[in-house]
Every structure is written in structure tokens, then in C-alpha cells.
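Working notes for the structure below.
Coordinate-derived values only; no laboratory data. What you are looking at is a predicted structure, and each value in this text was computed from that prediction instead of being measured. Note: ideal-geometry Cβ built from the backbone for every residue, glycine included; neighbour counts use all protein chains shown.
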Amino acid sequence: MSFHSRRRFLGLAAMRSAAALGLTSVSLRPAAAAERDFVPAVVIGSGYGGAVTALRLGEAGVPTLVLEAGRQWDRAGEDGRIFCSMLEPDHRSSWFKNRTEAPLASLMWLDLVNRAVRPFAGVLDRVHHGGMSVYLGRGVGGGSLVNGGMAVVPKRDYFEQVLPEVDADEMYGRYFPLANRMLGVNSVDQDWFETCESYRYARVSRAHAHRAGLRTTFVPNVYDFDHMRREELGEAPRSALASEVIYGNNHGKRSLDRSYLPAAVGTGNVTIRSLHRVRALRQEPDGTHVLAVEQIDELGNPLGTKEIGCRWLFLGAGSLGTTELLVRARETGALPALSSEVGRHWGTNGNVMLGRLLAPWERTGELQSGMPALGIDHWHDPVHPVFAEIAPLPAGTELWTSLYLAITRNPERGEFEYRAADDSVRLRWDVSQGDPSIDAAKALFDRINRANGTGYRHDLFGDDRAFENRFTYHPLGGCALGRATDSWGRVRGHRNLYATDGSLIPGSTGVNPFVTITALAERNVARVLAEDFPR
Ligand code: FAE
């Protein structure tokens, strides 16, 4: 076993025993960093940016505390499963809601999808901001717990346009390969793909795209495709093939709590505290960052608030979480020197969801893998570039439907504002700002429908719209690299303060974003460790 795997193994064992004991603090040295009110480094959030940063700080010998609002997902419920399925959602599905809020709101205009649930620290959140709502993962592992696992490196020329201050040679030569390796990215066996039942839906969509003269591409994933193959054969417990994805996967998925985070804990320098939400930040004249941290239980009851001080503070609370903390801190005068660029350059990665109704003889299959493996790549279109993920509709029954999450190049950007009356930070985004995304998706899918004699489904989104652009899975921006921060994520205006997550990317990546977030965090923390920490 290599040194790295041994550390990851130790960390995994520590995480599992903490979960079994119902502890909210995980560390190889629980008495050390965990209980002190001052730690050298704090990372807020345990998604991609936070997990990368925690591992590299821990490896460099920096005692580090990770504060995560959600719970650790390692303890089975009464049904013996950690996560619930999409078909039978329960309290584990949703972050303090009375009812699930799934992306598909209806079937045949009927309210068949969502269920009443009791409020709990569940794994998927949908945060509402007027014209836009944002899906987020909540828990140790952030979005990696709920996402479709699609691990896509962006097109280089587009990456260079979006983040011109980043050395693309270094990213494509070093940090994207590193991110893919660390995340455990793998590709589907194409022979199996062509014959399996689980991807019949993708093959049907591919045939329709090709009939319209369009190009499709296989998409790597962090779900273990060999496990999936064995699921179909009945040799492994089903997860991707048991309608599990947005409320978590019980098997097969290499989420961050299986990769970066146990490796971080295994360094012996990193402590993770779950169900700890950072409410506010300030900085003392001597440079100490002070965080107001609230601890809750799984039912949301407050267990107390305390202040934690640190010298280096890394914000990995995701695009919304990081932006909210910074905007509030600037507007309340707690971090007065933050730039006016904080809270700007926010976008949806041009997300639009849509479904097409197929002919009755075009079966997409009752068994559909929840992990997408194919995309329609039409990004080179000069007017309407689109990268469309061929998404499953794993309802366990034949629905003669092709579903897509289209990523488009939408130049519209949102901004965040602070409202003193209720101490809230709100996104300003008008529904009409999503129109360019619909125009692009419509141009592509009209072409596919024309070539195949098919049409849109109008019954999936709660009314009779064909295109859903009122939510995003891919919130990006709010603390954009090179604008609100320097070229390495150091937040301008305050010392030893860093953004390390999707907030750095100004609104768009052209593909699903987590590989980019991971690689960028790897690049930035390497520089920060070399320059900002004593040797
Ligand atoms: P993120 O993963 O959101 O982690 C932030 C963490 O911070 C969360 O665990 C929060 O609970 C925590 N947090 C927030 N505020 C606080 C606070 N105040 N105090 C303490 N903790 C806090 O951030 N992307 C892909 O590339 N491929 C896909 O297939 C894909 N599918 C998706 C499907 C769904 C349903 C969703 C919701 C997202 C999907 N994404 C996908 C997007 C991807 O998961 C997302 O871009 C990343 O998770 C963002 O990573 P960050 O590090 O920015």
C-alpha cells in the first residue's frame, strides 16, 4: 500500500468510526485541533475546493479545521441504507424542507414526483432567490454527494477566455490530470455501453443526435463503471441502477468522502466538524480571522454558537455560500476592505433542462443508469454553442422520453445584494436573463426534433413550459478570480483570506464544472502554500 493510500485508509477508518459513534468531529488526533478556539487554518465547506485545500494544508503540516454545515453521510438509517432513492424520497433527501423539490416537478402534469418529508439536515438543498433557484449538496463532501459524477475537462480555448489570468499550459499539463487522478475518474467500457440495458436511453438519444448531423462524445465519470456493469449482472448492490443520484448514492460513487477528505484526515493534521455552519467573519487588527460558528443537530436545533480564530482562512462554501459570507462581511463593515467586485460575475453555466417525447416504438428502457455517460457536443457552433448532457429519467418505468441538461454560453450575470432588514444576501437574477440559454437549447433541439419527427414534453416542469431555466445545478462566480481576488484566489483587501471553490469561476465553464473547480483549487493552494506559509 502506498503512503498516500495508507493515509486515505486511516482517514476513512476515522470517518467511519466517528459516524458510527454519531460524532460530528473527525480527526486522527481528536484532542488537538478539534477543541481549541484558535487553529492555524480554517477551511469553510467540504466540497471540491474545500477538500483539495484541506488535503494540501494537512500534507504541508498545517493544523487545519474544516467546518461543514451539513452532516457526515456514513451512518445507515433504519432501512439499512445511508441515502434514500429518488423514487422513495424521505427526510434524508432534503435540507430542512417540508416537501422534496425535485428538478422535474411533474409527470403528465400530475404532482407525482415530490413527497412530503420531515425537516432534516438532508443531502440536497434548493436555495430560492426569486427568479433563480440553486441546487446544492449539503454534507461532508458537498456537491460530490448529489451530483451526476460527470468529470469533464473544459475546452481549452473556452477555458482561456473565461480565466485568461491562468496559465493554461500548466492547467492542462498538470492540474487537470492531477484532479482526474485524485478524483478517481474513469470511462465507460464502450463495448459494454453498446450492449447494456442501462444505457439504452443514451444510445437512443445518440442515434437521434446523429440523425440531425450532430456530434456526441463519451463523458468520463467518478462513478465506478465496473461496479455499474456488475450491478446490471446482479453481482453488486445496485445504486446507479436503483434510481440513486440526486439524493446520494449508496454504492459505486467516488465522492469526496471517499477520496480527498479521508486522505486529508489521514495526514493527522485535519479535523472535520460537520453540522457546523459559519454565520459571520471578521478580522482583528493583528490579522486573526474570527468566525462565528453555529452548531446544529440533525433536526436543525441550535446547539450553541462559538467564535473560532485562525490565521489563514479558506472559503470553500461554494459559489453561493462563499459569496454570501463575503458580501455580508463587506456590507456590515466586518471586512470593509473587500472589493466591490465581490458579489458580481455570477452565472448559471447556462443550464437549461428539457425533455423530448419519442415515438412509442423507441424504448429508452425501464432500467436507466443515473450516471450520464454521453453528451452532445455542439460547442463549436458560432451562434448557439451547447454542450448537452444526455440525462437519465430513471423512473423505473418506460416513459419514451429523452432528457437533457444543456450547458449553454449565456453572457448574462447576476449580482448579490445585502439586505440589512433581515441580514440576508439575495441574488438579483431576472428569469428573462435565462432566455439566451433557451434560445441556444431550442436551436439545437428543434434541429434534433425536425430530423426525428419528435417534439418536446411540456408536462415536466409544473406548468406547460418545454425548457426549464429557473434552476441551476452549476452556480459559478461571486468572487471571481482576477477580479475579487488576485490570480491565485487571495481575496483582495484582507490578508490571508482565500476563495477556493466555484465562486472563483465567473459564471461559465462550458462543461460540468467540478473538475475545473478541483484543478483550480489544486493550482491555487500550491502557490499559496509556497508563498504565504512559513517554511
Ligand atoms: P460545493 O461542492 O457546493 O461545497 C460547498 C460546501 O460548503 C457544502 O457542503 C455546503 O454545505 C458547505 N457550506 C456552505 N455554506 C457554509 C457555511 N456557511 N458554513 C459551513 N459550511 C458551508 O462547492 N458538476 C459536475 O462537474 N458534474 C456533474 O455531473 C454534476 N452534476 C450535478 C448534479 C446536481 C444535482 C448538482 C446539485 C450539482 C451537480 N454538479 C455537477 C455541480 C457540482 O456538484 C458543483 O459545481 C460543485 O459541487 C461545486 O463545488 P464547490 O467546491 O464550489
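Calculated FRET efficiency, R6 and S487, Cβ-Cβ r, R0 51 Å, to nearest 0.05?
The pair R6/S487 has a calculated efficiency of 0.90.
Taking Cβ atoms as reference points and 14 Å as the exclusive limit, the residues near M108 contribute a net charge of -4, counting Lys and Arg as +1 and Asp and Glu as -1.
How would segment 421-488 be classified by its alpha-carbon gyration tensor: rounded, prolate or oblate, with rounded meaning a/c under 1.5 and the a/b versus b/c comparison settling the rest? Taking the square roots of the gyration eigenvalues as a ≥ b ≥ c, segment 421-488 is oblate.
With a Förster radius of 30 Å applied to the beta-carbon distance between H210 and D439, the computed FRET efficiency rounds to 0.80. With the helix formula -39500 (n - 2.57) applied to DSSP H stretches of n ≥ 4, the chain reaches a computed 222 nm mean residue ellipticity of -7500 deg cm²/dmol. Each of D501, D381, D37, D286 has some number of other Cβ atoms within 10 Å of its Cβ, and from fewest to most they run D286, D37, D381, D501. Neighbour counts of C-beta atoms inside 10 Å place W73, W95, W400 in the sequence W400, W95, W73, starting with the fewest. Maximal additional length on extending the E78-R29 stretch stands at 14.6 nm, based on 0.36 nm per residue less the C-alpha distance. Straight-distance candidates among the lysines for linking to K306, with alpha-carbon spacing under 28 Å and chain neighbours fewer than 8 residues away dropped: K97.
Order these by the 10 Å Cβ neighbour count, fewest first: R311, R535.
On the way: R311 18, R535 5.
Going from sparsest to densest Cβ surroundings: R535, R311.
Computed from backbone phi, the HN-Hα couplings of segment 339-353 come to 6, 5, 6, 5, x, 10, 6, 9, x, 9, 6, x, 5, 9, 10 Hz, rounded to whole numbers (Karplus: 6.51 cos²θ - 1.76 cosθ + 1.60, θ = phi - 60°; Gly and Pro given as x). Taking a Cβ cut-off of under 10 Å around N250, the surrounding Lys, Arg, Asp and Glu residues balance to a net charge of +2, with basic ones at +1 and acidic ones at -1. Residue ranges 385-395, 197-207 sort as 385-395, 197-207 when ordered by packing (mean number of other C-beta atoms within 10 Å per residue, highest first).
Ignoring aspartates and glutamates fewer than eight residues from K253 along the same chain, the ones with Cα atoms less than 16 angstrom from its Cα are D74, D224, D226, E231, E232, E244. The relative contact order of segment 369-518 comes to 17 percent, based on Cα pairs under 8 Å that sit 6 or more residues apart. In terms of packing, defined here as the mean over residues of other Cβ atoms within 10 angstrom, the peptides 299-308, 348-357, 225-234 line up highest first as 348-357, 225-234, 299-308. When peptides 131-140, 165-174, 415-424 are sorted by average Cβ neighbour count within 10 Å, with the highest value leading, the order is 131-140, 165-174, 415-424. Label point 7 Å out from E165 along Cα-to-Cβ: which residues of segment 452-477 have amide N under 17 Å? Inside the label zone: 477. The angle separating the long axis of helix 514-532 from the principal Cα axis of greatest extent in the chain is about 20 degrees.
For segment 116-264, the relative contact order comes to 29 percent (Cα pairs under 8 Å, sequence separation of at least 6). In degrees, nearest 10, range 0 to 90: what is the angle between the Cα axis of helix 3-20 and the longest Cα principal axis of the chain? Helix 3-20 sits at roughly 90 degrees to that axis. Where Lys and Arg each count +1 and Asp and Glu each count -1, what net charge lies around P336 among other residues with Cβ under 14 Å from its Cβ? Local net charge: +3. By its C-alpha gyration tensor, with a ≥ b ≥ c as the square roots of the eigenvalues, how is segment 283-354 shaped: rounded for a/c under 1.5, else prolate for a/b larger than b/c, else oblate? Taking the square roots of the gyration eigenvalues as a ≥ b ≥ c, segment 283-354 is oblate. Computing FRET efficiency as 1/(1 + (r/R0)^6) for D381 and D464, where r is the C-beta to C-beta distance and R0 is 30 Å, gives about 0.60. The distance from the alpha carbon centre of segment 345-366 to that of segment 178-199 is 21 Å, rounded to a whole number. Using C-alpha pairs under 8 Å with a sequence gap of at least 6, the mean separation divided by the residue count of the chain gives a relative contact order of 22 percent.
Relative to the longest principal axis of the Cα atoms of the chain, helix 318-331 runs at roughly 50 degrees. What is segment 124-270 by shape, rounded, prolate or oblate, if you read a ≥ b ≥ c off the alpha carbon gyration tensor as root eigenvalues and call it rounded for a/c under 1.5, prolate for a/b larger than b/c, and oblate otherwise? Here segment 124-270 falls in the rounded category.
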